[in-house]
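**Student:** Dropping a structure here in structure tokens format, bear with me for questions.
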Amino acid sequence: MRYAQGGGLTDERRAFREELRMEAAERFVQGEENTAIAHDLRVSVRSVQRWRKAWSQGGPRALASKGPASLPLLSDELFAVLERELDKGPVAHGWPDQTWTLSRIKTLIGRRFHKSYTVQGVAALLKRHGWSCQVPARRAVERDEAAVAGWVKETWPSVEGPWRRSGPGSSSRTKPASR
């Protein structure tokens, strides 16, 4: 269960996988077959084969977890700095409105910390630290109700397309009358 944007396994999941490998090592000593071990532990036979090879070359220590694959680009201290920057608002950082987007936060991280994140990586970083997507609770002050009503009456019908004719039809896709 790996994630493309550096999420990796959680500490609990990593510990669980290590327990599986250690249980497999005990069964290697007893001489059990790979397929039986894989079936009982509910893992792939290929995983058990890799574990057996590592175990035969390095013993049970070779099956121990080596920790997370990589450290996050922003430490907890740097994320605290990022939160202070986000609290200042987008206007303080040169954007014309008060809306933080993932791409703006990505740009801010690049400018402030010289670290490169993807938009999905920024979303994962924020989620990992307890942030969530927010939607405005009320309509924008700048909203022009007359312009919206005019668009709905004039523009939307041409975008939406013609209504289907009412009348008897067929559910068959091959009959011309059903179109």
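The values are calculated or read from the model by the stated rules, or taken from the named source; none is laboratory data. Since the structure is predicted, the reported quantities are computational estimates derived from the model, not experimental observations. Note that each Cβ is placed from the backbone with ideal geometry, even for glycine, and that neighbours are counted across all protein chains shown. The accessibility values were calculated without ligands, DNA or RNA, using every heavy atom of the protein model including side chains. Shrake-Rupley method; radii C 1.70, N 1.55, O 1.52, S 1.80 Å.
**Student:** Looking at the stretch 93-146, which of its residues are touching a Leu at 6+ places or on another chain (Cβ under 6 Å) and basic (Lys, Arg)?
**Tutor:** Lys115
**Student:** Could you list, in sequence order, all residues of the stretch 103-154 that are hydroxyl-bearing (Ser, Thr, Tyr) and either over 25 Å from Lys88 (Cβ atoms) or touching a helix residue (DSSP H, G or I) at 6+ places or on another chain (Cβ under 7 Å) (or both)?
**Tutor:** If the condition is that a residue be hydroxyl-bearing (Ser, Thr, Tyr) and either over 25 Å from Lys88 (Cβ atoms) or touching a helix residue (DSSP H, G or I) at 6+ places or on another chain (Cβ under 7 Å) (or both), then Ser103, Ser116, Tyr117 are the ones that fit.
**Student:** Being open to solvent by 30 Å² or more (accessible area, probe 1.4 Å), at pLDDT 95 or above and either under 18 Å from Gly67 (Cα atoms) or in a helix (DSSP H, G or I) (or both): is that true of Arg17 here?
**Tutor:** Spelling it out, it is not the case that Arg17 is open to solvent by 30 Å² or more (accessible area, probe 1.4 Å), at pLDDT 95 or above and either under 18 Å from Gly67 (Cα atoms) or in a helix (DSSP H, G or I) (or both).
**Student:** Next question. List the number of the failed condition for Ser47; all other conditions in (1) closer than 23 Å to Glu12 by Cβ; (2) open to solvent by 60 Å² or more (accessible area, probe 1.4 Å); (3) within 31 Å of the chain's Cα centre (by Cα) hold.
**Tutor:** (2)
**Student:** Among the residues of the stretch 59-69, how many are open to solvent by 30 Å² or more (accessible area, probe 1.4 Å) and outside any loop (DSSP other than H, G, I, E, B)?
**Tutor:** Residues meeting the conditions: 3.
**Student:** Report, by residue number, each residue of the stretch 32-58 that is farther than 12 Å from Arg21 by Cβ and either part of a loop (DSSP other than H, G, I, E, B) or acidic (Asp, Glu) (or both).
**Tutor:** The answer is Glu32, Glu33, Asp40, Arg42, Ser44.
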